[in-house]
Number of protein chains: 2
Amino acid sequence: MAVISPNVLVHFPVITTPKVRFTGSRSKVRCSNSMDYGKAKMMEFPYASAPIKKLMVELLSTVDDKLGSSLHATSTLPSHVQHFGNSTRTAQASLHLRSGLPSSQIDLVLGGWIHCKLPSGGALSITSLSAYLTSSTDAPHFLLELIQSSPTSLVLILDLTPRKDLILYPEYLKNYYEDTQLDRHRQRLQALPEVTPYYSPSLYIRAVLSPTAILVTLASESKSIEQLIEDDISPIAKDLLHFWIESCACLAREVDASERAYLAERDRVIKNKTIEVDLGSSLPRLFGQEIADRVLDALKEYYNK
Amino acid sequence: MAVISPNVLVHFPVITTPKVRFTGSRSKVRCSNSMDYGKAKMMEFPYASAPIKKLMVELLSTVDDKLGSSLHATSTLPSHVQHFGNSTRTAQASLHLRSGLPSSQIDLVLGGWIHCKLPSGGALSITSLSAYLTSSTDAPHFLLELIQSSPTSLVLILDLTPRKDLILYPEYLKNYYEDTQLDRHRQRLQALPEVTPYYSPSLYIRAVLSPTAILVTLASESKSIEQLIEDDISPIAKDLLHFWIESCACLAREVDASERAYLAERDRVIKNKTIEVDLGSSLPRLFGQEIADRVLDALKEYYNK
């Protein structure tokens with residue numbers, strides 16, 4: 001079971017798929033002004049351990065290198081949603097969202113972190129990177145989340161999340177998960193004595209992930225969590241992102257009109273359900289109602305455009 | 001990880017949904033003649049441990065008591081598929097399939113067991129009970145499978161398998177899995193020190209199960225597997241079957257024509273995929289090609305009616 005209380009656990013920055021495009025020069029100017037600030041604040045990863053920061057910087061550099069030309073250079077989010085904290089300075093968060101260009105298959109890439117002090121005296125630190133594709137392809141989304149609530153344990157969620165019902169579309173399961181042998185990453189990690197399966201308290205989160213998803217808790221007294229991240233998690237996360245970029249984001253697929261409608265509708269449900277499950281319940285507790293509303297409203301505005 | 005080699009593991013009697021109805025008196029006579037034989041052979045559970053046999057007899061009695069009036073009294077399968085073995089007498093199997101009456105929501109109830117000697121000198125014993133509903137309801141199917149390949153370990157698969165994509169139908173997830181707090185059974189079992197999560201080698205099996213599915217390995221040297229079955233597995237299996245009968249099999253649901261078509265199509269994919277994944281690869285290895293063909297052909301005949 002989780003080392004983190006279900007009431008504390010947040011899946012906040014992930015599985016959101018706002019479809020936002022810049023339409024006017026005002027937006028461009030505003031976002032351009034706030035871009036460096038938002039990106040710089042995120043890239044600080046001020047509360048992450050050195051290996052987590054190193055991993056995130058490497059992953060984001062890979063995204064820049066390989067997908068930068070398919071993404072808007074500036075952040076889509078208003079500056080007050082790019083970085084925010086609560087009034088007592090016990091909680092901070094940073095979000096950096098880059099929309100894909102209309103000509104690309106990429107909907108958005110969202111990186112971010114949340115840090116908050118826990119009543120117990122410890123702290124909860126969540127670091128995440130997710131990347132979503134448009135309905136012009138049915139290829140899976142990418143998801144990485146690292147949740148740390150103590151120096152000796154870490155929850156890792158790493159997956160290529162399916163866009164289709166794997167039962168109604170068995171060829172999708174075969175194409176993206178069986179033929180690619182994606183399960184080898186999970187098998188490799190779970191062979192380590194420090195690794196145990198993790199069950200998200202949200203049934204929705206369990207249901208949205210693929211059957212090869214890595215949901216594990218790392219807990220060790222003999223080997224440091226930092227060492228495990230460096231030796232075991234980082235190579236797998238980098239491998240999976242590389243695979244996702246090459247085989248999902250950059251590979252064109254034939255998707256007809258009815259499939260596009262299906263993918264769009266499924267993503268719409270995901271977006272609404274994610275707000276309900278994760279944001280609506282977690283943000284007010286961590287940041288207070290006012291800040292939570294501000295962030296939620298900004299995201300909802302994008303969802304409804 | 002599994003205690004059983006993926007090459008040996010069979011999910012054979014489960015998740016098959018033949019939609020067979022008696023249409024002629026010849027069938028009735030033939031099946032009536034073979035009914036007692038087939039049921040009696042299954043109910044022997046000659047290779048199951050005492051607590052597994054006790055559990056299965058209790059579950060099947062419950063089905064008889066509560067659902068008997070909704071089921072054909074006779075087995076739907078021809079006698080040579082109700083009980084069969086290989087030429088070297090190292091493998092035996094018994095299947096008992098009762099179709100639901102046209103007036104009921106029950107498609108079929110399938111009980112059975114497979115036993116085969118392993119090259120290592122041990123034996124593999126699979127005991128299963130599954131129950132399927134028609135497309136007149138969207139309620140989940142019932143699935144129980146006990147897989148034992150050594151006296152000190154057991155794999156348990158216990159689930160109410162969803163009929164709909166839980167992402168596209170979040171209210172389905174809420175109705176059948178969240179509001180019912182089905183996850184408490186998994187939590188209770190996984191709190192035991194003898195229990196570890198089990199990953200089916202088949203991604204399809206992982207995908208077809210619900211997010212509250214119990215997939216665990218029981219392994220213990222201090223407490224016997226028999227004791228664990230009696231103390232921990234039996235109460236949960238009986239609870240879940242009772243819940244399924246009361247809240248799924250016997251509760252009418254509003255299902256419109258388009259939903260029925262969706263459910264029928266999804267079940268069709270499940271049937272075909274199950275043949276491909278489980279039967280096609282496993283039966284020839286365990287029983288030889290001739291017997292495997294005979295069983296597969298009989299089931300395929302039902303599928304294609």
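With the cut-off at 43 Å, report for the protein assembly as shown the share of all Cα pairs above it, as a whole percent. Mind showing how you got there, number by number?
Details: 48019 of 185745 pairs.
Value for the protein assembly as shown (Cα pairs over 43 Å): 26 percent.
Between A:GLU290 and A:SER79, the FRET efficiency from the beta-carbon distance, with R0 = 22 Å, is close to 0.85. With the Kirkwood sum run over all distinct C-alpha pairs, region B:243-305 has a hydrodynamic radius of 14.0 Å. For region A:174-257, a/c is not less than 1.5, where a ≥ b ≥ c are the root eigenvalues of the C-alpha gyration tensor, and a/b tops b/c. That puts it in the prolate class.
The Rg/Rh ratio of region B:52-211, with both radii computed over alpha carbons and Rh defined as the Kirkwood radius, is 0.98.
Remark: the protein assembly as shown carries a charge dipole of roughly 760 debye about the Cα centre, counting +1 on each Lys and Arg Cβ and -1 on each Asp and Glu Cβ. For B:LYS53, a cut-off of 20 angstrom between C-alpha atoms picks up these aspartates and glutamates, skipping any fewer than 8 places away in its own chain: B:ASP36, B:GLU44, B:ASP64, B:ASP65, B:GLU145, B:ASP159, B:GLU226, B:GLU230, B:ASP231, B:ASP232, B:ASP239.
Here the Debye sum runs over all C-alpha atoms of region A:30-105 as equal scatterers in vacuum, and log10 of I(q)/I(0) at q = 0.14, 0.24, 0.26 Å⁻¹ comes out as -0.50, -1.17, -1.24. Comparing A:VAL277, A:TYR37, A:SER130 along the charge dipole axis of chain A, the residue lying farthest to the positive side is A:TYR37, per the Cβ-charge model. Position A:GLY122: other-copy label points at 3.6 nm, ordered by increasing distance, label point 7 Å along Cα→C-beta.
Where Lys and Arg each count +1 and Asp and Glu each count -1, what net charge lies around B:ARG206 among other residues with Cβ under 12 Å from its Cβ? Each step should come with its number before you reach the end.
Values: positive: A:ARG186, A:ARG206; negative: A:GLU178, A:ASP183, B:ASP159.
Residues close to B:ARG206 contribute a combined charge of -1.
Around B:SER234, under 14 Å between beta carbons, what's the net of Lys plus Arg minus Asp minus Glu among the other residues? List each step's numbers first, then the result.
Values: positive: B:LYS53, B:LYS54, B:ARG188, B:LYS238; negative: B:GLU58, B:GLU226, B:GLU230, B:ASP231, B:ASP232, B:ASP239.
It works out to a net charge of -2.
With each label modelled as a point 7 angstrom along the Cα→C-beta vector, the A:GLU254-A:SER220 pair spans 4.7 nm.
Relative to a virtual label point 7 Å from the Cα of A:THR180 in the Cα→beta-carbon direction, which members of region A:242-269 show backbone nitrogen distances below 18 Å? In region A:242-269, the label zone of A:THR180 (backbone N under 18 Å from the point 7 Å along Cα→Cβ) covers A:242-255, A:263, A:267.
For B:VAL269 and B:ASP297, the FRET efficiency from 1/(1 + (r/R0)^6), where r spans their Cβ atoms and R0 equals 25 Å, is about 0.75. For region B:100-239, a simple Cβ point-charge model (Lys and Arg +1, Asp and Glu -1, everything else neutral) yields a dipole of about 240 debye relative to the Cα centre. Counting only the Cα atoms, region B:55-148 fills a convex hull of 110 Å³ per residue. If the limit is 28 Å between Cα atoms, which of A:LYS66/A:LYS271; B:LYS41/B:LYS164; B:LYS41/B:LYS66 go over it? Cα-Cα > 28 Å for B:LYS41/B:LYS164; rest within.
Take every Cα pair under 8 Å in chain B that's 6+ residues apart, average their separations, divide by the length, and report that relative contact order as a whole percent.
Numbers: 498 pairs, mean separation 68.5, N = 305.
Here the relative contact order equals 22 percent.
Given +1 at the Cβ of Lys and Arg, -1 at the Cβ of Asp and Glu and no other charges, the dipole of chain A around its Cα centre is 920 debye to the nearest 20.
Inter-copy label distances at A:PRO197, using a point 7 Å along Cα-to-Cβ, come to 0.5 nm with the shortest given first.
Across the identical copies, the 7 Å label point of B:GLU290, projected outward along Cα→Cβ, sits 8.4 nm from its counterparts, in ascending order. So what's the net charge close to A:GLN92: Lys and Arg +1, Asp and Glu -1, counting the other residues with Cβ under 13 Å from its Cβ? Neighbour charge sum, excluding A:GLN92 itself: +2. Between A:GLN190 and A:LYS66, the contour length at 0.36 nm per residue exceeds the Cα-Cα span by 41.7 nm.
So which GluC sites (Glu not before Pro) in region B:179-273 pass both tests, a DSSP loop state and at most 14 other Cβ atoms within 10 Å of the Cβ? Numbers along the way, then the final one.
Numbers: sites: B:GLU194, B:GLU221, B:GLU226, B:GLU230, B:GLU246, B:GLU254, B:GLU259, B:GLU265; in loops: B:GLU194, B:GLU221, B:GLU254.
The qualifying sites are B:GLU221, B:GLU254.
Suppose the Debye formula is applied to equal point scatterers at every Cα of chain A; what is log10 I(q)/I(0) at q = 0.11, 0.13 Å⁻¹? Computed log10 I(q)/I(0) values: -0.63, -0.91.
We did not get these values from a lab; they are worked out from the coordinates using the rules stated. This one's a predicted model, so the numbers in the text were calculated from it and none came from an experiment. When we count neighbours, we look across all protein chains shown, and the Cβ atoms used for this are built from the backbone with ideal geometry, even at glycine.
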